[in-house]
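*Asks:* Got a structure for you, written out below as C-alpha cells; questions coming shortly.
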Amino acid sequence: MSKIGFIGLGSQGAPMARRIVEAGYSLVLWARRPETLKVFADTPAQIASSIAELGEQVEHVGICVVDDAGVQQVCNELIPAMRAGSRIAVHSTVHPDLCKTLAAQAAARGIALIDAPVSGGGAGAAGGTLTVMVGGAAEALAAARPIFETFAGLIVHLGGVGAGQMAKLVNNALMAAHVSIAH
C-alpha cells in the first residue's frame with residue numbers, strides 16, 4: 001500500500017484522514033494547529049514536523065484546508081518536497097484557476113495534481129459516504145481511487161483540472177438557492 005499524507009484536519013478532513021488510516025494505509029499527518037492531531041493518538045498515523053517533511057515521505061497527499069490562500073501556502077511547500085511520480089489531491093473548495101496553476105507547477109516537477117473537492121460534511125466523511133468531484137488526468141484518478149474509496153460513496157470524474165471545483169461551486173450555489181427558497 002502507498003504511504004499517504006493528509007493536511008487539513010478540520011471537521012471534514014479529520015474524519016477523512018481517520019478513514020484512510022483505519023483502512024490500513026500508512027498515514028503521515030501535518031497540522032498547523034497541533035491540537036488537531038490529538039484525535040489520532042490512538043492510531044498508527046505518523047506526525048510530520050513540517051509540510052516538506054511530510055512531502056518527502058509520501059506518494060499521495062490529500063489537502064483539505066479552508067481556502068485558496070491555505071491551499072497555495074501548503075502547495076508552495078509541498079510541491080518542491082515531493083518526488084516525481086507522486087500525486088496531490090486538493091479536497092478543499094477553491095477557485096478552479098488556482099488548481100490549474102498549481103497543477104502546472106506540480107507537473108513541472110513530475111507530480112500529478114487533481115482537484116477533488118468533497119460534499120457531504122463531517123458526517124459523510126465519518127460514514128464513508130462523501131461525494132468526490134474530480135478534475136484531472138484519468139491516470140491520476142485511477143491511482144487515487146482506492147484512497148478516495150475509504151471515505152467516499154460516490155467518485156465522479158468530470159474532466160480536466162478545475163472541473164471538480166466547477167462542479168462543487170455549482171453544487172454550493174444550488175444548495176444556497178434551495179436553503180434560501182426554503183427559508
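*Asks:* Work out, in µm²/s and without decimals, the Stokes-Einstein translational diffusion coefficient of segment 1-45 at 37 °C, 0.692 mPa s, Rh from Kirkwood over C-alpha pairs. It would help to have the intermediate numbers written out before the result.
*Replies:* On the way: Rh = 10.4 Å.
Result for D is 316 µm²/s.
*Asks:* For the chain, with a Gaussian network of springs between Cα atoms less than 10 Å apart, report the residue from ASP42, ASP68, ASP115 with the top mean-square fluctuation.
*Replies:* Maximum among the listed residues: ASP42.
*Asks:* Return the single residue from ALA112, ALA152, ALA41 with maximal mean-square fluctuation; model: Gaussian network over the chain, springs between Cα atoms under 10 Å.
*Replies:* ALA41
*Asks:* Distances over 27 Å make up what percent of all Cα-Cα pairs in the chain?
*Replies:* Taking all Cα-Cα pairs of the chain, the fraction more than 27 Å apart is 19 percent.
*Asks:* Which lysines have a Cα less than 21 Å from the Cα of LYS38, not counting those fewer than 8 places away in the same chain?
*Replies:* Within the straight-line limit of under 21 Å, LYS38 reaches these lysines: LYS3.
*Asks:* Further question on the same structure: Antiparallel DSSP bridges in segment 112-183: what percent, to the nearest 5?
*Replies:* Values: 3 of 9 bridges.
So the antiparallel bridges amount to about 35 percent of the total.
*Asks:* Roughly how much of VAL156 is accessible, in Å² to the nearest 10, using a 1.4 Å probe?
*Replies:* Roughly 50 Å² of VAL156 is accessible to a 1.4 Å probe.
*Asks:* Length gain on complete extension for the stretch ALA104 to ASP42, per 0.36 nm per residue less the alpha carbon to alpha carbon distance?
*Replies:* On the way: separation 62, 0.36 × 62 = 22.32 nm, distance 3.78 nm.
Length difference between fully extended and current span is 18.5 nm.
*Asks:* For the chain, with every protein chain kept in place, what is the accessible area per residue (1.4 Å probe, Å²)? Intermediate values should be presented prior to the final figure.
*Replies:* Details: 8000 Å² over 183 residues.
Using a 1.4 Å probe on heavy atoms only, each residue of the chain averages 44 Å².
The values are calculated or read from the model by the stated rules, or taken from the named source; none is laboratory data. This structure is a prediction, so every number in the text was calculated from the model and none was measured. The protein model used for the area step is the full one, side chains on, heavy atoms only, and it has no ligands, DNA or RNA in it. Shrake-Rupley method; radii C 1.70, N 1.55, O 1.52, S 1.80 Å.
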